Each structure stands twice: as structure tokens, then as C-alpha cells.
Amino acid sequence: MDLNLPAEVASGPVRTTYLRTSSSMPSALPPLMLVLGFDISCREYRRLLPLLEAAGIEAYAPCVAGWGFTETTNMRGVGVGEKRAQLLAFHDQVLGGRPAIWVGASLGACIALDCYKARPNAFS
């Protein structure tokens, strides 16, 4: 998925790799945003996503900028601000801005808290 990030963060689209459930069952829960920890990829959730899918839960696991398979060539850096901008753009452009339950593993929890501080309405 090519994400459009603010010009101060990227000079062009940022191709972000992610995994997601494809459950077609309706769910009363908001979507889950699974934020990975330090220096791993969305594949860390490859065993969890089928379980969530079987439960009818809509879930997304994007690779965070600088880790995993996200292409960072157009990004001006991969620090905290850039990671926040990338994940909030993912939330807006892939989840349609719907409030989500953000779950962070390890450093991903800190990234999720940073995103909450920047935009609490992205969280359910």
C-alpha cells in the first residue's frame, strides 16, 4: 500500500507492507491495529492473525518505517516523528480513520502511546 505522508516527512508515497485478516463476518469490535516492536516485521503476527480471523476480528499489522518491509526511500528519516506519521497515515488511509484498538508489542507499545498522544480520536 502506498501511503501519502506529510511533505515534511516524505518526498513521495511510502510503500508500506502489512498483513491483515480477511474475515467477512461482522464484528462488534473496532478494528485492531497491531504495532510491532523493535526491528521486526509484520510477519511476527503471522500466527496470531488466523486466530483473530477465525474469531471474526478485523486486524491489521503494518511494518513500521525503518523496520520490516516498508520502503523508506522517500522518507526524510525513520525516527519517532516519521514512525508516528506513517502509522497515523496508515490509520487514515487503510482503516478509513475509524477508531481502532491499538495493540503494541514491546517498543510498539511506546509507538502506540506516542500516536495516542498525537491523535487520541484514532483510538477506541
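Looking at the structure I just gave you, is Glu53 among the acidic types (Asp, Glu), more than 14 Å from the chain's Cα centre (by Cα) and within 18 Å of Leu88 (Cβ to Cβ)?
Working: among the acidic types (Asp, Glu): yes; more than 14 Å from the chain's Cα centre (by Cα): yes; within 18 Å of Leu88 (Cβ to Cβ): no.
Judged against the criteria, Glu53 is not a match.
Go through segment 51-72 and report how many residues are open to solvent by 70 Å² or more (accessible area, probe 1.4 Å) and over 12 Å from Thr16 (Cβ atoms).
Adding up the residues that qualify gives 2.
With respect to Phe38, determine if the residue is in contact with a helix residue (DSSP H, G or I) (Cβ under 6 Å, 6 or more places away or on another chain), hydrophobic (A, V, I, L, M, F, W, C) and open to solvent by 70 Å² or more (accessible area, probe 1.4 Å).
Numbers: in contact with a helix residue (DSSP H, G or I) (Cβ under 6 Å, 6 or more places away or on another chain): yes; hydrophobic (A, V, I, L, M, F, W, C): yes; open to solvent by 70 Å² or more (accessible area, probe 1.4 Å): yes.
Yes: the conditions hold for Phe38.
If Asp114 passes every condition in (1) open to solvent by 30 Å² or more (accessible area, probe 1.4 Å); (2) in a helix (DSSP H, G or I); (3) in contact with a strand residue (DSSP E or B) (Cβ under 9 Å, 6 or more places away or on another chain) but one, which one does it miss?
(3)
From the set of residues in segment 60-95 that are of a type in the set (Asp, Glu) and not in a loop (DSSP other than H, G, I, E, B), which is nearest to the chain's Cα centre (by Cα)?
Let us first name the residues in segment 60-95 that are of a type in the set (Asp, Glu), namely 71, 82, 92.
Those still in the list that are not in a loop (DSSP other than H, G, I, E, B) too: 82, 92.
On the way: Glu82: 13, Asp92: 10 Å.
The residue in question is Asp92.
What are the pairs with Cβ atoms under 7 angstrom where one residue, in segment 72-96, is without any contact (Cβ under 8 Å) to a residue 24 or more places away in the chain and the other, located anywhere, is open to solvent by 30 Å² or more (accessible area, probe 1.4 Å)? Sequence gap at least six, or different chains.
Matching pairs, first to second residue: Val78/Gly66; Val78/Thr72.
With (1) touching a residue at least 40 places away in the same chain (Cβ under 8 Å); (2) open to solvent by less than 70 Å² (accessible area, probe 1.4 Å); (3) under 23 Å from Pro13 (Cβ atoms); (4) in contact with a helix residue (DSSP H, G or I) (Cβ under 8 Å, 6 or more places away or on another chain) as the list, and Val103 as the residue in question, which single condition is left unmet?
(3)
What number goes with the only condition from (1) in contact with a strand residue (DSSP E or B) (Cβ under 6 Å, 6 or more places away or on another chain); (2) more than 19 Å from Ser22 (Cα to Cα); (3) at pLDDT 95 or above that Gly104 does not pass?
(3)
Which of the following residues is touching a strand residue (DSSP E or B) at 6+ places or on another chain (Cβ under 6 Å) and either of a type in the set (D, E, K, R) or within 19 Å of Pro120 (Cβ to Cβ) (or both): Ala89, Ala61?
Numbers: Ala61 fails: either of a type in the set (D, E, K, R) or within 19 Å of Pro120 (Cβ to Cβ) (or both).
Only one candidate passes the filter, namely Ala89.
The values are calculated or read from the model by the stated rules, or taken from the named source; none is laboratory data. For clarity, every value in this text was computed on a predicted model and none was experimentally measured. Methodologically, a virtual Cβ is constructed for each residue, glycine included, from the backbone with ideal geometry; neighbour enumeration extends over all protein chains shown. Quick note on the areas: whole protein, heavy atoms, side chains included, nothing else; ligands and nucleic acids left out. Shrake-Rupley method; radii C 1.70, N 1.55, O 1.52, S 1.80 Å.
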